Amino acid sequence: MVKKIIKSGTLITASETFQADILVENGKIAAIGQDLQTPDAEVIDAGGKLIMPGGVDPHTHFDLPMFGTVSSDDHYTGHKAAAFGGTTTVIDFVSQDFPSLKQCVDAWHAKADDKAAIDFSFHMNMTRFDEQVAAEIPALLDEGITTLKVFTAYNGVLRLEDGDIFRVLRIAAEHGMLTMLHAENGDVIEALVADALAAGHTSTEWHALTRPAWGAGDAILRVAGMAQAAGAPLYVVHMNTAIGVDMLEYSRERGIKIMGETCPQYLFFTIDEMRRPDGAKWVCSPPMRTQADNARLWQAVADGTMQTIGTDHCPFFYDGTKPILYEGREIAIPGKELGVDDFTKTPNGLPAVGDRLPVLWTEGVVKGRMTANQFVALSSTNPAKIFGMYPRKGALLPGSDADIVIWDPDRKVKYGVAMAQHRTDYNLYEGWELTGYPEKVFLRGRLIVDGEQWLGKRGMGRFLSRGDGMIL
Ligand code: URP
Ligand code: ZN
Ligand code: ZN
């Protein structure tokens, strides 16, 4: 591969901002310094531009069967959308659909490997637990998987009983793995959903009204208590509530190794969106809350209480009855219309993977809610560290993979579905005016996005076998 020098850009890392050139060789960052001279290198002028490590999204769901349909981005369309938004690494969740964990992981590789266009890894969902599953968990490390997600909600589908969650935490502690928590109160939700349907409340807002915010608080505290007893670290995914932030702080102040992830949708939207005629577009679990929750989450992002911002990207079409053209053939992927008469049938999830960095840059950095360094820390460096990929990913350092974003801080765009590359028919940020956008994106030194042009290819993304993560 030809050598490249990215010249005169302003580098932004999780802790520093400085001007330098970057020499890229064999897919790695070979050197960073002032006025680097390598006569045989292709020169890319980044004067006036910002240079950041490619985004690391620790939470995606591509090609996920759910609610009698499937999330509408697969591991190619989703990776491509991620790359256009400046993200070069994603971690997807493997469903526990087969008797053995190895079969589950193999099935996810079969979906992802030939399609992958950026680098990727997997977390394992633990949604069924018995002696055989327990015995198999340590072998996930040989598959490069170091993380296990447990759910305290989705009764009868994804939820594990508390005793089994504790057993997972103990195994994780013994083998240096990290447990990830989906925190809601499944029993309360089950009862409230039954009441709502019996009373004829079928509209979209009931999705949120039947999932009380305190359920997140009690689930985080309960599982943090189990983590304490197991001597295990805990990572709380898609945090959406002020009370959840309180519980994160409370637990950490008492010595529990607990970390938190929020997602852009929880920083901007509230239950009011679900009251719109097209409210199904915002249905995901856990749901949007109130402006006070948004504000508390922003504060947690700014003051370091929250470690990462992922996306929980799990898109569906708003109108999944319309066929779309895909690779020369027409397909229709059922979507949000499934819940038109019953909120419990609305597929849970929304598009986000490509929106994350452009939206957060404008709303976070440009509007002064976080620094550019915090932006890099939360969306790239911290996830890489926590999930055992640092400094290969999430860093601008000699020896790191040359996953580099050249960011134009002056580019103004009117964002929306036409610009986002997700395979769906809507975007939550329709019409938002953004300032700052990725101009060029490199994956291991190869230019994959050049302005509007897609230069990536299916199959060029590599699976990342992960090592020990850090507790931040
Ligand atoms: O609504 C969501 N979040 N769908 C994806 C599954 C999950 O719990 O993360
Ligand atoms: Zn979840
Ligand atoms: Zn998720």
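Below, the figures for the structure above:
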quantity: Cα-only radius of gyration and Dmax that characterise region 119-183, units Å; calculated: 11.3, 35
quantity: Sparsely packed GluC sites (Glu not before Pro) within region 393-472, loop by DSSP, other Cβ within 10 Å at most 16; calculated: E430, E452
quantity: Amide N proximity, region 251-269 versus I471 label position 7 Å along Cα-to-Cβ, cut-off under 17 Å; calculated: 251-261
quantity: For region 115-201: accessible area per residue (Å², 1.4 Å); calculated: 37
quantity: Local electrostatic count at P212 - Lys and Arg +1, Asp and Glu -1, tallied over other residues with Cβ under 13 Å; calculated: -4
quantity: Residues whose placed amide H lies under 5 Å from that of V236, excluding near-sequence neighbours; calculated: L181, M259, G260, E261
quantity: Share, in percent, of DSSP beta bridges within the chain that are antiparallel, nearest 5; calculated: 50
quantity: The chain, accessible surface, carbon-and-sulfur percent (1.4 angstrom probe); calculated: 52
quantity: Loop sites in region 98-177: trypsin sites (Lys or Arg not before Pro), DSSP, at most 16 other Cβ within 10 Å; calculated: R128
quantity: Degrees separating the helix 291-303 axis from the principal Cα axis of the chain, which is the longest one; calculated: 40
quantity: The chain, helix-only ellipticity at 222 nm - DSSP H runs n ≥ 4, -39,500 (n - 2.57), divided by all residues, nearest 500; calculated: -7500 deg cm²/dmol
quantity: Rounded to 10°, Cα long-axis angle of helix 162-175 versus longest principal axis of the chain; calculated: 30
quantity: Loop trypsin sites (Lys or Arg not before Pro), region 237-287 (other Cβ atoms within 10 Å of the site Cβ: 10 or fewer; DSSP); calculated: none
quantity: The chain: angle of helix 186-198 to the longest principal axis, Cα-based, in degrees nearest 10; calculated: 60
quantity: Residue (of G48, L169, F122) at the positive-pole extreme of the chain, dipole from beta-carbon charges; calculated: G48
quantity: Residues D162 and V413, FRET efficiency given R0 of 51 Å [Cβ-Cβ distance, rounded to 0.05]; calculated: 0.65
quantity: Within-11-Å neighbourhood charge of V245 [Cβ basis; K, R +1; D, E -1]; calculated: -2
quantity: Equivalent-ellipsoid semi-axes of region 185-299, from the Cα gyration tensor, Å, largest first; calculated: 28, 17, 9
quantity: DSSP beta bridges in region 150-298 [antiparallel fraction, %, rounded to 5]; calculated: 0
quantity: Three semi-axes of the equivalent ellipsoid, region 54-386, Cα gyration tensor, whole Å, largest first; calculated: 26, 24, 23
quantity: Label-zone membership for region 255-280, site R369, 7 angstrom Cα→C-beta point, backbone N under 20 Å; calculated: 260-275
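The values are calculated or read from the model by the stated rules, or taken from the named source; none is laboratory data. Computed from a predicted model, the values in this text were never measured in an experiment. With ideal geometry, Cβ positions are generated from the backbone for all residues, glycine too; neighbour counts draw on all protein chains shown. Ligands, DNA and RNA are excluded from the accessible area calculation, which covers all protein heavy atoms including side chains. Shrake-Rupley method; radii C 1.70, N 1.55, O 1.52, S 1.80 Å.
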